[in-house]
Every structure is written in C-alpha cells, then in structure tokens.
Amino acid sequence: MKHNLILRVVSKFLIPLIFLFALYVQFHGDFGPGGGFQAGIIFSTGIILYALVFGVASAKKVIPPYILRALASLGVLIYAATGVASLLLGGNYLEYGVLASTQVAGQHLGILVIELGVGITVMAVMLIIFFAFAERGRSEEECE
Amino acid sequence: MIESHLSLLIVVLPLLTAPIVAILPNGRAPWLISTLVSWSVFTLACMQLANVSTGNIISYELGGWAPPWGIEYRIDAANALVALIVSGIAAVIFPYALKSVEKEIPEQQHSLFYAAFMLCLTGLLGITQTGDIFNLFVFLEISSLSSYALISLGQQRQALTASYQYLIMGSIGATFFLIGVGLLYAMTGTLNMMDLAQRLPELYEHRTIHTAFAFIMVGFALKLALFPLHLWLPNAYTYAPSVVTAFLSATATKVAVYVMLRVIFSVFGFSFIENTPTDELFLILCVVGILMMSFYAVYQQDSKRLLSYSSVAQVGYMMLGIGFGSVLGLTATLVHLFNHALMKGALFMAIGALVYRVGSSRLEHLSGLGKHMPWTFAAIVIGGLSLIGVPGTAGFISKWYLVLAAIEKQYWLIVVVILLGSLLAVIYVWKLIETLYFKSENDSIQPETIKEAPLMLLIPTWVLVFANVYFGFNTELTVGTAEQAIKLLLPGVN
C-alpha cells in the first residue's frame, strides 16, 4: 500500500473521527440511539480500517492479541462485577438503583458501566475475529 | 446474604469465573479456580434443593424489576433437581479434568478451555434457574456456543467437522425455539413462564399458538437429540475431548429434557397437549428410537460412539415418560434424568481413563486392557450394569418406574420395547466387557506400558460409580424430589 497516498492520508484523517464517533455512541447511548454493542463495532472498524490500509502486522503493534484477549474478558468482568456490586450494596443482582445516592442517578450510572463493559468486549472480540480471518493461510513470520 | 441470593449465585459464580480464568496464564491456576467454583456451586445447589424440597418456591427478581416485567428466576423442585445434577456432575468432573486435559489438549489452550467450560456450566445452570422463556434462549446460546468450542478441541481432525455439524444443527434448533418464543410473545405480550401459563388457556384454539408449540418442540427435540433429530450427537460425543464428552453427555441433554418438561407442563399445560398429537408422536418416536439406536450401538467399533448411540436410546426412555403424561411417567422421566447422568458420566469417565493410557477409544485398541486396568474396568462393569437396569443399581429404579407407568396406561407394546431395549443394552455392554477383558491385547500396544489409570482420574469416576449403587438402594432424593416436582407440573392430578 506504499503508493496509495490518498488512501493513507484519508484514512489517517478518518480513524480519529471514527473513534470519536464510537465514544459518542457509547456514552450517549442512554439518551439516544446507540449503546455498547454499536459503539464496540464502530470502534473496531477504526482499527480494521488501519489494518486494511497499513497491514495486519502494524495493526497488531497497535493492539497486540494478548491485550485483546484481556480486554474481551475485562468487559464481561465489568458487567458481572457491576451486578455483584449491587448485590453487596444490598440490592438484587444488577439492581442499579442502589449504586448511587438516588434511584435515578444509580440507574444512570449502572447502565453506563454495563454498556462500557459490553462495548469493550464487543470491540475486542470483533478484532480477534478479524485477525483470526486475516491470518488464515499465512505463516507466523508473514504476520509479524 | 447467601441465603437470599442463593439461586442467583449458582449462575453468577461460574459467569464471573469464566473471564477471570480466561485472563490467567496457562498452568494449574485455571483448573484450580474452576474446581473450587464448581464445588461451591454444587454446595449452593444442595442448599437450594433443601430449600425447595418441602414444596417452597423461590422467586428471585433480577435488577429488582418485579415479574412479569423483569426477569425472574423461579425455582421449584424440578429446577432444583436438574441444577443439582448439572452442578454435581461438574463438581465431579473438574477434579478429573486436570490429568485428562493435560493429556488431550495442547498446553496453550488450557485457560481458554476452562473458560469455555465455565461458560458452558453457566449456560446450563442458567437454563435450569430462569423463569423467563427468552432468558432461557440466551442461556441456551451461551451453553451451546461454548460447547461447540469445547467439542472442536478434540484430538482428531474429525472433531472440527463434528463440532461444525453440531453448530449447524444446534443453531437450527435454537432458531426454531426462538421463532416459537417470538410467536408466543406476539400472541400474549409476555415472556415470563408463569404469566404465559395464565394467558395461554384462552388462546388454546388459536393456530399461532399451535405453530409456536410445534416450533419449540422441534427446536428442543434437536437439542436433546430425540430420534430422528439425533444425527449430530454420535459424532460430537465421539470426537470431543473425554472430559467434554463426559460432561455434556451427563448434563446437556438432561437440561434439554427439563426444558421440554417445563414448556409442556408449566407453560402450555397438559390440557393443551391432550388435544394435540404430541404425546402419541413422542411415544412412536421414542419406541423407534430406543430400538434402532440400541441396534446401532451394538454394531459400533468405537467405545465412545457405542455409548453415544446408547445415549440417544436413553433419551428415548426419558421422553417416553413425557409421552405418557401421567404421574408415574413423569416420575420415571425425572428419575431417569438423574440416574442417566450418573451412569453415562461414570461410563464416559472410565472410557476417558482408558483413552488417557492408550490414546484411542476404538475397540480394537482397547482389547484386553481390562486386565491391566482392573479399577477402570470394574467401573465400566458397574456403570454398564446400571445402564442395563440390573436391580441394585440406579438404572433399575428408572426402568422400574417406566415399566410401571407403561403398565398403568396398559401400553403393553411399550413394556415389551423397554425390556427389548434393556436386552440390547446387555448385548452392547457385553461387547465392551468382552473386548476389554476376554480378548487378547492388540499387537501394537506394549502391555507393560499400560498401567492402572492415575488416582486423579479413578477417584472421581468411582464417586459416580458409588452414586450409581447408592441411588439404586436409596431413592429418597430422586423419587422424593421427583414426586414433589410433579405436584407442581401436573397440579390437577394429585
């Protein structure tokens, strides 16, 4: 891809915007359309675009596979641990109301944290799937 | 706190463990944590059963939203019994897994293997605990997806095709179930099982409800491998790693049978089934399935495959009880659910011990090994006797109730079929015993390299073998709980 100057410049310009939009969808999800799943997908497309233009190997330098695996687990942990937190605060599992001083603030906080967990896991899993397919039929050296 | 959140912790503990185990480095830590968690879940399941065996019903509101709007976990004797089976088998299999997994699965996949195993446990327990039919679908997918991954880890290349076959069939099953649930939701506007049960009777005549019922039945018949929808099962069980085979054969189909029970008797109600040909259909399929699959089992050349076909036949026995729709029939179903988990768990674990030493489950490679591995062999003999239904083993109790139920309904043909099925079981169990003990060793194997299986494999296997004998004499837990469960499933009859 050394010669496709336009492609490289445009994607370098676009990738930060994609990330920004992903974060908007993530954190505005409780007021408007969106949420963790959509945000995770959008975020991962930013990195997939980078991998398409600059190569899988350099994308893996940005996000190494072992970090992706940890992130995929971390998201689930955030989700499950939020539920446990509300258990410990005296509510039922995933009862967000007890997480903050008032019912409304608790619900707000709860859904934000849960969606963050979803977003992280979806982003990581999408990239794991993408890398798994992108590496098919290549030897280890070619990828690195 | 544990007391009030008991039913929830049974699902959440393995769910929390799965991501933690996945991050851990390979080695013994993932195994150790999984084992400890499976034991604590088993303890919780025992406490839960003690709570509901007096006729109590536990209702847990997730997120504090009251049912029918929120998701409800609703536990009665039937759920608690199945949760006990699943967590009990897991508690026995995790200690066993250490050695067997070290041998059969590459080191770099160990922590992911245990994570997938934990997710599978989460899914199966979730299905038994939940009182919300859509939540049930979600847990079904969790358990199915993780079991596809587990099966594909088998040593032989065929494990991948077997897993793929199961993936296709299982997804069709799950989709059918979801279509059924969607139709129910469209008609009633609710997903809570108890709420559905209240709203359905006035819609009994509606064609959409009948369609929904058909979709759900076919979907779960695929999942529980009811003949003729069993095609995925023999391959999946044969090529999966030994631990996975033992776990799935003892739990996955049992949970699917439980869902059938729940959907037929708690959600739709028996008065709905009486006006449909469901029970006759079940009886015919079960009769043909028991005979054909037992015949198939006799001709298999692989010990795991032989037992897999036997599993399909045994599913037939469980569904017969549902087809009878009587108190005795359902008792037989629930008791056999429990007992079959014990016998198939013990048998597949013993076979796993053979595979640990020999590296193959094909009969030609196993011949004559019984003399070198007497304890493993003895476990197979007792497990086999239980499978046949010899008095003094757990298998006898379930066959006894099944025959009683058939006689009560005066289905003489079915009595004959049950006895014929047992005779065929004698033949295929004898085939195993003959190969293991009376044939001479295969030339390619040096007998001096074959020793008794390590204690880490033998002790868990023998725990299940003893359970087979114990529950053949003491039926208080199995039959007692089953009777308690049936009071709720068939309210009009008692």
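The values are calculated or read from the model by the stated rules, or taken from the named source; none is laboratory data. Values in this document were obtained by computation on a predicted structure and should not be read as measured data. Backbone-built Cβ (ideal geometry, glycine too); neighbour counts: all protein chains shown.
Filter segment B:169-201 for residues that are within 20 Å of B:Phe220 (Cβ to Cβ), touching a residue at least 60 places away in the same chain (Cβ under 8 Å) and surrounded by fewer than 19 Cβ atoms within 10 Å (Cβ to Cβ) and give the result.
B:Met194, B:Ala197
With a cut-off of at least 1 residues that are within 14 Å of chain B (Cβ to nearest Cβ), touching a residue at least 12 places away in the same chain (Cβ under 8 Å) and over 30 Å from B:Glu72 (Cβ atoms), name the helices (runs of 4 or more DSSP H) lying wholly within segment A:1-104.
Answer list for segment A:1-104: A:65-88.
Please find, among B:Ala149, B:Ala159, B:Ala116, the residue that is touching a residue at least 24 places away in the same chain (Cβ under 8 Å), closer than 28 Å to A:Leu68 by Cβ and in contact with a Leu (Cβ under 6 Å, 6 or more places away or on another chain).
On inspection, the qualifying residue turns out to be B:Ala116.
Determine whether A:Arg136 is surrounded by fewer than 20 Cβ atoms within 10 Å (Cβ to Cβ) and facing chain B (nearest Cβ under 9 Å).
no
Those residues that are surrounded by fewer than 18 Cβ atoms within 10 Å (Cβ to Cβ) and at pLDDT 90 or above, I need them from segment A:29-44; list them, please.
Answer for segment A:29-44, where residues must be surrounded by fewer than 18 Cβ atoms within 10 Å (Cβ to Cβ) and at pLDDT 90 or above: A:Phe37, A:Ile41.
Output the number of the condition that B:Ile397 fails; it satisfies all remaining conditions of (1) without any contact (Cβ under 8 Å) to a residue 24 or more places away in the chain; (2) closer than 30 Å to B:Ile264 by Cα.
(1) is the only condition that B:Ile397 fails.
For every residue, the table says whether it meets (1) within 26 Å of B:Phe265 (Cβ to Cβ); (2) not β-branched (Val, Ile, Thr).
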position: B:Val287; (1), (2): yes, no
position: B:Asp302; (1), (2): no, yes
position: B:Tyr309; (1), (2): no, yes
position: B:Ala313; (1), (2): yes, yes
position: B:Gly329; (1), (2): yes, yes
position: B:His340; (1), (2): yes, yes
position: B:Arg357; (1), (2): no, yes
position: B:Gly368; (1), (2): no, yes
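To keep it simple, each residue is scored yes or no on (1) in contact with a Pro (Cβ under 6 Å, 6 or more places away or on another chain); (2) surrounded by 22 or more Cβ atoms within 10 Å (Cβ to Cβ); (3) closer than 28 Å to B:Leu119 by Cβ; (4) modelled with pLDDT of 90 or more.
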residue: B:His210; (1), (2), (3), (4): no, no, no, yes
residue: B:Leu222; (1), (2), (3), (4): no, yes, yes, yes
residue: B:His230; (1), (2), (3), (4): no, yes, yes, no
residue: B:Leu248; (1), (2), (3), (4): no, yes, yes, yes
residue: B:Lys254; (1), (2), (3), (4): no, yes, yes, yes
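I'd like the full set of residues that are touching a Phe, Trp or Tyr at 6+ places or on another chain (Cβ under 7 Å) and either farther than 17 Å from B:Tyr237 by Cα or surrounded by fewer than 20 Cβ atoms within 10 Å (Cβ to Cβ) (or both), limited to segment B:338-365.
B:Asn339 - this is the single residue of segment B:338-365 that is touching a Phe, Trp or Tyr at 6+ places or on another chain (Cβ under 7 Å) and either farther than 17 Å from B:Tyr237 by Cα or surrounded by fewer than 20 Cβ atoms within 10 Å (Cβ to Cβ) (or both).
Please go through segment B:288-308 and pick out each residue that is hydroxyl-bearing (Ser, Thr, Tyr) and under 12 Å from B:Gly421 (Cβ atoms).
Across segment B:288-308, the qualifying residue is only B:Ser294.
Within 12 Å of chain A (Cβ to nearest Cβ), without any contact (Cβ under 8 Å) to a residue 40 or more places away in the chain and of a type in the set (A, V, I, L, M, F, W, C), is that true of B:Ile2?
Spelling it out, it is not the case that B:Ile2 is within 12 Å of chain A (Cβ to nearest Cβ), without any contact (Cβ under 8 Å) to a residue 40 or more places away in the chain and of a type in the set (A, V, I, L, M, F, W, C).
This table checks each residue for (1) in contact (Cβ under 8 Å) with a residue 60 or more places away in the chain; (2) out of contact with any Leu (no Cβ under 7 Å at 6 or more places or on another chain).
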residue: B:Ile382; (1), (2): yes, yes
residue: B:Ala405; (1), (2): yes, no
residue: B:Gly421; (1), (2): yes, no
residue: B:Val429; (1), (2): no, no
residue: B:Ile450; (1), (2): yes, no
residue: B:Leu457; (1), (2): yes, yes
residue: B:Pro460; (1), (2): yes, yes
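Results for (1) at pLDDT 90 or above; (2) surrounded by 24 or more Cβ atoms within 10 Å (Cβ to Cβ); (3) in contact with an Asp or Glu (Cβ under 7 Å, 6 or more places away or on another chain); (4) not in a helix (DSSP H, G or I), shown as yes or no for each residue.
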site	(1), (2), (3), (4)
B:Ile273	no, no, yes, no
B:Thr276	no, no, no, yes
B:Asp279	no, no, no, no
B:Ile284	yes, no, no, no
B:Val288	yes, no, no, no
B:Met292	yes, no, no, no
B:Leu307	yes, yes, no, no
B:Ser310	yes, yes, no, no
B:Ala313	yes, yes, no, no
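How many residues does segment B:297-314 hold that are β-branched (Val, Ile, Thr) and within 21 Å of B:Gly352 (Cβ to Cβ)?
The qualifying residues number 1.
Check B:Ile322, B:Ile351 and return the single one that is of a type in the set (Val, Ile, Thr), in a helix (DSSP H, G or I) and farther than 23 Å from B:Pro228 by Cα.
Being of a type in the set (Val, Ile, Thr), in a helix (DSSP H, G or I) and farther than 23 Å from B:Pro228 by Cα holds for just one of B:Ile322, B:Ile351, which is B:Ile351.
Assigned to a helix (DSSP H, G or I) and within 14 Å of chain A (Cβ to nearest Cβ): is that true of B:Leu9 in this structure?
yes
Could you identify the single residue in A:Leu87, A:Leu68, A:Leu52 that is farther than 23 Å from A:Gln26 by Cα and at pLDDT 90 or above?
Being farther than 23 Å from A:Gln26 by Cα and at pLDDT 90 or above holds for just one of A:Leu87, A:Leu68, A:Leu52, which is A:Leu52.
What are the residues in segment B:56-107 that are part of a helix (DSSP H, G or I), touching a helix residue (DSSP H, G or I) at 6+ places or on another chain (Cβ under 9 Å) and among the acidic types (Asp, Glu), if any?
Result: B:Glu102, B:Glu104.
One residue is enough: does segment B:63-71 have a residue meeting the conditions within 22 Å of B:Phe117 (Cα to Cα), facing chain A (nearest Cβ under 9 Å) and free of Cβ contacts under 8 Å to residues at least 40 places away in the same chain?
no
Among residues belonging to segment B:12-55 that are within 13 Å of another protein chain (Cβ to nearest Cβ), not aliphatic (A, V, I, L, M) and not in a helix (DSSP H, G or I), point out the one that is farthest from the chain's Cα centre (by Cα).
Restricting to residues being within 13 Å of another protein chain (Cβ to nearest Cβ), not aliphatic (A, V, I, L, M) and not in a helix (DSSP H, G or I), the top hit is B:Pro25.
Given the criteria more than 22 Å from B:Thr17 (Cβ to Cβ), without any contact (Cβ under 8 Å) to a residue 60 or more places away in the chain and within 14 Å of another protein chain (Cβ to nearest Cβ), does B:Ile142 qualify?
For B:Ile142, the condition - more than 22 Å from B:Thr17 (Cβ to Cβ), without any contact (Cβ under 8 Å) to a residue 60 or more places away in the chain and within 14 Å of another protein chain (Cβ to nearest Cβ) - is not met.
Restricting to segment B:472-491, and then to whatever is free of Cβ contacts under 8 Å to residues at least 24 places away in the same chain and not in a helix (DSSP H, G or I), can you tell me which residue is nearest to B:Leu328 (Cα to Cα)?
Only one residue fits best here, namely B:Pro491.
Any chance segment B:352-366 includes a residue that's within 19 Å of B:Ile418 (Cα to Cα) and not aliphatic (A, V, I, L, M)?
Checking segment B:352-366: not a single residue is within 19 Å of B:Ile418 (Cα to Cα) and not aliphatic (A, V, I, L, M).
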